[in-house]
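Encoded as structure tokens, the structure appears first; notes follow it.
The values are calculated or read from the model by the stated rules, or taken from the named source; none is laboratory data. All values reported here derive from a predicted model rather than from experimental measurement. With ideal geometry, Cβ positions are generated from the backbone for all residues, glycine too; neighbour counts draw on all protein chains shown.
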Amino acid sequence: MPEELNRQIEIFVEYYNYQRYHESLNNLTPADVYFGRGKKIIANRKKTKERTIQNRKKYYWKNQPSLIGQLADE
């Protein structure tokens, strides 16, 4: 049915432009790039990554047995 085909095409275009991240667009959607939201999104991702790394370092050192003690035992 032509109406169903048109509806499915609209659904695909909506998904492709607004939901699907594109690797060639730095994992942004085409809509993000078109509407100029890309730089802000990438900056937020960078901040999140930095916070995550800092939290992982804190967790690692908090939960690590003494490295000096381990080296002394060898």
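Contact annotation: residue pairs with Cβ atoms under 7 Å, 6 or more positions apart or on different chains, pairing a residue in the stretch 1-18 that is under 21 Å from Ala31 (Cβ atoms) with a partner that is surrounded by 10 or more Cβ atoms within 10 Å (Cβ to Cβ), are Asn17/Thr29; Asn17/Pro30; Asn17/Ala31; Tyr18/Thr29; Tyr18/Ala31. Taking the criterion of being part of a helix (DSSP H, G or I) and either in contact (Cβ under 8 Å) with a residue 40 or more places away in the chain or surrounded by 11 or more Cβ atoms within 10 Å (Cβ to Cβ) (or both), the residues of the stretch 28-43 that qualify are Pro30, Ala31, Asp32, Val33, Tyr34, Gly38, Lys39, Ile41, Ile42. Residues considered: Gly69, Gly38. Of these, the only one that is touching a strand residue (DSSP E or B) at 6+ places or on another chain (Cβ under 6 Å) and either small (Gly, Ala, Ser) or modelled with pLDDT of 95 or more (or both) is Gly38. Inspect the stretch 13-27 for any residue being surrounded by 11 or more Cβ atoms within 10 Å (Cβ to Cβ), in a helix (DSSP H, G or I) and among the polar types (S, T, N, Q) and give the result as yes or no. Yes, the stretch 13-27 contains a residue that is surrounded by 11 or more Cβ atoms within 10 Å (Cβ to Cβ), in a helix (DSSP H, G or I) and among the polar types (S, T, N, Q).
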